[in-house]
Amino acid sequence: MTEQYKVPRWQDRILQDDGRLHGVIVGCRRADGRWLLIRRSANVLAPHKVSFPGGGIDHQETQAETAIREMQEELSAKIRPVACVWHSESPDKPLTLWGWYAELLNSNLVARPSEVAEILWLLPDEIRHHPDILPDTDKFLKSLLDQVE
């Protein structure tokens, strides 16, 4: 029997003291220049969209700790956060994001089905032109490319 999930709404999320959801997204690049992205499951906000992996910051976590935890939870990935390279304050929803560049320390990734439908390794042009990419992903990608070039 398949477990049914309810897609969360913004108002169902734990907000920080400023009334906003704080989160991180993480960019990891392979030696061949491809970046790790995911297709989000049907059970999360923005279902079936393609994005960099990440998630919400718990009240007592640092951004780097959140990046490590979320990558482990979503993909069984071990990472070393290198630098925060991007920041965004959404004007139309209560969302504040920080984008981190990180070194991927293992290659045997396993998607957690409740959060991740598919693991993708995409080149920058594939990311920019993907039909299911989340808005503003190109801005984080630019910051990542500025960091590694």
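FYI, it's all coordinate maths here, none of it is from the lab. Keep in mind the model is a prediction, meaning the values are calculated, not measured. Note: ideal-geometry Cβ built from the backbone for every residue, glycine included; neighbour counts use all protein chains shown.
Rounded to whole numbers, the Karplus 3J(HN,Hα) couplings from phi for the stretch 99-114 are x, 10, 8, 9, 8, 7, 9, 9, 10, 8, 7, 9, 6, 7, x, 5 Hz, using 6.51 cos²θ - 1.76 cosθ + 1.60 with θ = phi - 60°, and x at Gly and Pro.
Comparing Leu105, Thr137, Val148 along the charge dipole axis of the stretch 97-149, the residue lying farthest to the positive side is Leu105, per the Cβ-charge model.
For the stretch 105-149, the alpha carbon convex hull comes to 108 Å³ per residue, rounded to a whole number. On full extension, the segment bounded by Ile119 and Ala42 gains 26.3 nm, given 0.36 nm per residue less the C-alpha separation.
A cut-off under 13 angstrom between Cβ atoms defines the neighbours of Leu134, and their net charge, with Lys, Arg +1 and Asp, Glu -1, is +3.
Spacing of the modelled spin labels on Lys93 and Arg34, each 7 Å from Cα toward Cβ, amounts to 2.8 nm. The modelled label-to-label distance between Asp18 and Leu105, using points 7 Å beyond Cα along the C-beta direction, is 3.0 nm. Less than 5 angstrom separates the built amide H of Lys78 from those of Leu105, Asn106, all sequence-distant by 5 or more or on a different chain.
In this rough spin-label picture, where each label sits 7 Å from Cα along the Cβ direction, the Gln60-Leu145 distance is 4.1 nm.
Taking Cα centre as origin and charging only the Cβ of basic (Lys, Arg, +1) and acidic (Asp, Glu, -1) residues, the dipole magnitude of the stretch 1-143 rounds to 240 debye. Along its principal axes, the stretch 34-83 has C-alpha extents of 29, 28, 18 angstrom, given from the largest down.
Once backbone amide H atoms are built at 1.01 Å from N, Ala83 has Tyr101 as its partners under 5 Å, excluding neighbours fewer than 5 places away on the same chain. Within the stretch 61-149, the proportion of Cα pairs with more than 20 Å between them is 44 percent.
Using only the C-alpha atoms, the convex hull of the chain corresponds to 116 Å³ per residue.
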